[in-house]
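Written below as structure tokens is the structure these notes are about.
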Amino acid sequence: MPDDNQAMDLSPRRQESKKSPQWLPALTVIVIAGAVIILVWFLVTNSQSFLPADEAVESRLEMGERRFQLLGSPVTNVDDDQTFIIDGNEYTFFSVSFDGILVDVVSQGTPPDLFDEGIPVVLEGKWVQGPLPNPLYVFENGANDGWWFATNRILVKHDNDYREDRIGDAEERGQLPKASES
Amino acid sequence: MQNVRNPNLTSSKGTRFMGFLLLVGVPTLVLFAFFLTPEDDNMEDAVRLLYIHVPMAIFAYVAVITTGIGSIFYLWKKSRWWDTVAHASAEIGLIFCGLVLVTGSIWGRPTWNTWWEWGDVRLVTTLVLFLMLLGYLALRQVPANPDLRAKRASVVGIIVAINIPIVNRSVEWWENSTLHQQSSLTDGKLEDLTLFTLFLGLILAGVCYLWLMTHRFRVGWLQTEIENEGAIGVLQERIAEGTASSTETIIKEDGEGEVR
């Protein structure tokens, strides 16, 4: 038999709760704060977007030596006769176009596998005015205006077209000079 | 809500039918995706990721929108049913969103020439969506009164769902800030077997979402019932203990003449 003090214990009893790990609220805060920081950082730093080739040509005097991302579509695919080893470095010469405006490009390294005529590319680099690394080279179907874009990173901006007549479509959009014009 | 014949299971005729559809459908999709559809002229075999990446992305959106709707209805109706829907859908949305990021990255390497671009609006907004879903689910684990927990989660659930139009439209709104292509489906840039296989993938992703959703909802509902039963059980236990103690005291009073 329990004694009197034990008989009616009506004091609030601590319920044994299912304890969640103590680090969980901290993790929640970290994750949400992380998402917010990434979003803010992204919005602040993403003010620079790809500059289409036609706009890049218009503003090349103002651009100076500044690195930026240039958007355009290769006018032709790259053949072996467009690649040169100069002072131990491999350079590839090609031209890109946007809205009918051509830009000559010198790329350090080999273009990626998906580099192809009519497939838009994003080139990271800067404007150069003057002789090419191979001074005798003449761009086939290129601008050949004394300016060239020096790049060391090529990203392929594949379009959403999975049909067979991709080239014809790119010509219609003005991203490539029409076959009859070149 | 649960299976009447066996309350330990969350299956029903409907879920078994969906499971059967998936069992038949997934190998069919693999057959079409890997063997019957042609490779892309430019992208070659990498194009086959289209049949899983796009359906996963679309149903990640569906899952998050469902979480948003469930959250709104919880705040309006104060119904546990809607809270359970929101919770279940967010878990599935997180899995789908994670798969979208992984398959997208795998696809990006051969296609764009990079696994990831921090300046890319589509990639970063999708990552933020993933992190927000993670935050939503972590918040649900923070110990609190069930109503308070559901209320907090509903507010976050609505914020997460608001992110969907931003993620989806980012390729249109900031076209020159992303490597990601625009929609091939709405622009009619798919044809023949490629289009058919993508639709097959979409149907299967939809069935998979519904199947997972039904099971996860039922598990969630059972958890809620157990929580409620647990609270009632504790109360009944206390009442029973109190009644027993009173009876013992009366016996003491009668037998030993102790009066308090």
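The values are calculated or read from the model by the stated rules, or taken from the named source; none is laboratory data. All values derive from a computational prediction rather than experimental measurement. Please note: Cβ atoms are built from the backbone with ideal geometry, for glycine as well, and neighbour counts cover all protein chains shown. With ligands, DNA and RNA removed, areas are computed over all heavy atoms of the protein, side chains included. Shrake-Rupley method; radii C 1.70, N 1.55, O 1.52, S 1.80 Å.
Which of the following residues is modelled with pLDDT of 90 or more and more than 14 Å from chain B (Cβ to nearest Cβ): A:VAL106, A:VAL138?
Working: A:VAL138 fails: modelled with pLDDT of 90 or more.
Step by step, each of A:VAL106, A:VAL138 is checked, and only A:VAL106 is modelled with pLDDT of 90 or more and more than 14 Å from chain B (Cβ to nearest Cβ).
Can you give me the number of residues within the range B:172-181 that are open to solvent by less than 60 Å² (accessible area, probe 1.4 Å), within 7 Å of chain A (Cβ to nearest Cβ) and not small (Gly, Ala, Ser)?
Of the residues in the range B:172-181, the ones open to solvent by less than 60 Å² (accessible area, probe 1.4 Å) are B:176-181.
Narrowing the set further to residues that are within 7 Å of chain A (Cβ to nearest Cβ) leaves B:176-177, B:179, B:181.
The next check asks that each one be not small (Gly, Ala, Ser); those that pass are B:176, B:179, B:181.
Number of matching residues: 3.
Residue-by-condition table, conditions (1) within 22 Å of B:PRO110 (Cα to Cα); (2) in contact with a helix residue (DSSP H, G or I) (Cβ under 6 Å, 6 or more places away or on another chain); (3) of a type outside the set (A, V, I, L, M):
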position	(1), (2), (3)
A:PHE84	no, no, yes
A:GLY88	no, no, yes
A:TYR91	yes, no, yes
A:PRO111	yes, no, yes
A:PRO120	yes, no, yes
A:LEU123	yes, no, no
A:TRP127	no, yes, yes
A:LEU136	no, no, no
A:PHE139	no, no, yes
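Just a yes or no: is a residue in the range B:36-53 over 24 Å from A:ASP159 (Cβ atoms) and at pLDDT below 95?
Keep residues of the range B:36-53 that are over 24 Å from A:ASP159 (Cβ atoms), which gives B:36.
From what is left, the residues that are at pLDDT below 95 are B:36.
There is at least one residue in the range B:36-53 that is over 24 Å from A:ASP159 (Cβ atoms) and at pLDDT below 95.
For the range A:145-161: of the residues being assigned to a loop (DSSP other than H, G, I, E, B) and modelled with pLDDT of 85 or more, which is farthest from the other protein chains (Cβ to nearest Cβ)? Explain how you work it out, then say what you get.
Filtering the range A:145-161 for residues assigned to a loop (DSSP other than H, G, I, E, B) gives A:145-146, A:157-161.
So of that shortlist, the ones also modelled with pLDDT of 85 or more come out as A:145-146, A:157.
On the way: A:ASP145: 24, A:GLY146: 27, A:LYS157: 5 Å.
It comes out as A:GLY146.
Determine if the range B:3-13 includes at least one residue that is over 28 Å from A:PRO120 (Cα atoms), touching a Lys or Arg at 6+ places or on another chain (Cβ under 7 Å) and polar (S, T, N, Q). Give the derivation first.
If we filter the range B:3-13 for residues that are over 28 Å from A:PRO120 (Cα atoms), which is where we start, we get B:3-13.
This time we only want the ones that are touching a Lys or Arg at 6+ places or on another chain (Cβ under 7 Å), so: B:10.
Now restrict to residues that are polar (S, T, N, Q): B:10.
For the range B:3-13, residues over 28 Å from A:PRO120 (Cα atoms), touching a Lys or Arg at 6+ places or on another chain (Cβ under 7 Å) and polar (S, T, N, Q): present.
Is it the case, given these coordinates, that A:TRP127 is away from chain B (no Cβ under 11 Å), in contact (Cβ under 8 Å) with a residue 24 or more places away in the chain, open to solvent by less than 10 Å² (accessible area, probe 1.4 Å) and not aliphatic (A, V, I, L, M)? Spell out how you get there, then give the answer.
Working: away from chain B (no Cβ under 11 Å): yes; in contact (Cβ under 8 Å) with a residue 24 or more places away in the chain: yes; open to solvent by less than 10 Å² (accessible area, probe 1.4 Å): yes; not aliphatic (A, V, I, L, M): yes.
Yes; evaluated as a whole, the condition is true for this residue.
Please determine whether any residue of the range B:82-90 is assigned to a helix (DSSP H, G or I), within 16 Å of B:LEU198 (Cβ to Cβ), touching a residue at least 12 places away in the same chain (Cβ under 8 Å) and open to solvent by less than 60 Å² (accessible area, probe 1.4 Å). Can you show your working first?
Taking the range B:82-90 as the starting set, the residues that turn out to be assigned to a helix (DSSP H, G or I) are B:82-90.
After this cut, where a residue has to be within 16 Å of B:LEU198 (Cβ to Cβ) as well, the list is none.
For the range B:82-90, residues assigned to a helix (DSSP H, G or I), within 16 Å of B:LEU198 (Cβ to Cβ), touching a residue at least 12 places away in the same chain (Cβ under 8 Å) and open to solvent by less than 60 Å² (accessible area, probe 1.4 Å): absent.
Step by step: first the residues of the range B:107-116, then only those that are outside any helix (DSSP H, G or I) and open to solvent by 30 Å² or more (accessible area, probe 1.4 Å), then the one that is nearest to the other protein chains (Cβ to nearest Cβ). Which residue is that? Before you say what the answer is, go through the steps one by one.
Of all residues in the range B:107-116, those outside any helix (DSSP H, G or I) come to B:113-116.
Add one more test, that the residue is open to solvent by 30 Å² or more (accessible area, probe 1.4 Å), and what stays is B:113, B:115-116.
Details: B:ASN113: 4, B:TRP115: 11, B:TRP116: 11 Å.
Checked the range B:107-116; the qualifying residue nearest to the other protein chains (Cβ to nearest Cβ) is B:ASN113.
Please pick out the residue among B:LEU137, B:LEU133, B:LEU127 that is under 14 Å from B:THR84 (Cα atoms), modelled with pLDDT of 90 or more and within 11 Å of chain A (Cβ to nearest Cβ). Give the derivation first.
Details: B:LEU133 fails: under 14 Å from B:THR84 (Cα atoms); B:LEU127 fails: under 14 Å from B:THR84 (Cα atoms).
Sole residue among the options that is under 14 Å from B:THR84 (Cα atoms), modelled with pLDDT of 90 or more and within 11 Å of chain A (Cβ to nearest Cβ): B:LEU137.
When you go through A:ASP116, A:ASP99, A:ASP104 one by one, which is the residue that is within 26 Å of A:GLU55 (Cα to Cα), among the charged types (D, E, K, R) and touching a helix residue (DSSP H, G or I) at 6+ places or on another chain (Cβ under 6 Å)?
On the way: A:ASP116 fails: touching a helix residue (DSSP H, G or I) at 6+ places or on another chain (Cβ under 6 Å); A:ASP104 fails: touching a helix residue (DSSP H, G or I) at 6+ places or on another chain (Cβ under 6 Å).
A:ASP99 is the lone residue from the list that is within 26 Å of A:GLU55 (Cα to Cα), among the charged types (D, E, K, R) and touching a helix residue (DSSP H, G or I) at 6+ places or on another chain (Cβ under 6 Å).
Of all residues in the range B:133-163, count the ones that are within 13 Å of B:GLY70 (Cα to Cα) and of a type in the set (A, V, I, L, M, F, W, C).
Total meeting the criteria: 8.
Residues are listed down the side, and each one gets a yes or a no for (1) under 30 Å from A:LEU155 (Cβ atoms); (2) away from chain A (no Cβ under 14 Å); (3) assigned to a helix (DSSP H, G or I); (4) over 21 Å from the mean Cα position of the chain (by Cα):
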{"site": "B:SER170", "(1), (2), (3), (4)": "yes, no, yes, yes"}
{"site": "B:SER183", "(1), (2), (3), (4)": "yes, no, no, yes"}
{"site": "B:LEU195", "(1), (2), (3), (4)": "yes, no, yes, yes"}
{"site": "B:ILE203", "(1), (2), (3), (4)": "no, yes, yes, no"}
{"site": "B:GLY206", "(1), (2), (3), (4)": "no, yes, yes, no"}
{"site": "B:PHE217", "(1), (2), (3), (4)": "no, yes, yes, no"}
{"site": "B:LEU222", "(1), (2), (3), (4)": "no, yes, yes, no"}
{"site": "B:GLY230", "(1), (2), (3), (4)": "no, no, yes, yes"}
{"site": "B:GLU241", "(1), (2), (3), (4)": "no, no, yes, yes"}
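Write out, first by first residue and then by second, each pair whose Cβ atoms fall under 9 Å of each other, whose residues are 6+ apart or on separate chains, and whose first residue, in the range A:92-111, is open to solvent by less than 10 Å² (accessible area, probe 1.4 Å) while the second is acidic (Asp, Glu) and not in a strand (DSSP E or B).
If the second residue must be acidic (Asp, Glu) and not in a strand (DSSP E or B), the pairs left are A:SER95/A:GLU140; A:SER97/A:ASP54; A:VAL103/A:ASP54; A:ASP104/A:ASP145.
State yes or no: is B:LEU9 of a type outside the set (S, T, N, Q), in a loop (DSSP other than H, G, I, E, B) and farther than 23 Å from B:ARG152 by Cβ? Show your work before the answer.
Numbers: of a type outside the set (S, T, N, Q): yes; in a loop (DSSP other than H, G, I, E, B): yes; farther than 23 Å from B:ARG152 by Cβ: yes.
Judged against the criteria, B:LEU9 is a match.
Could you list all residues from the range A:44-72 that are more than 9 Å from every other protein chain (Cβ to nearest Cβ) and modelled with pLDDT under 75? Working first, answer last.
Residues of the range A:44-72 more than 9 Å from every other protein chain (Cβ to nearest Cβ): A:44, A:47, A:53-68, A:70, A:72.
Matches in the range A:44-72: A:VAL44, A:SER47.
Look through the range B:182-232, keep the residues that are touching a residue at least 12 places away in the same chain (Cβ under 8 Å) and among the aromatic types (Phe, Trp, Tyr), and return whichever of them is surrounded by the fewest Cβ atoms within 10 Å (Cβ to Cβ).
Among those that are touching a residue at least 12 places away in the same chain (Cβ under 8 Å) and among the aromatic types (Phe, Trp, Tyr), it is B:PHE196.
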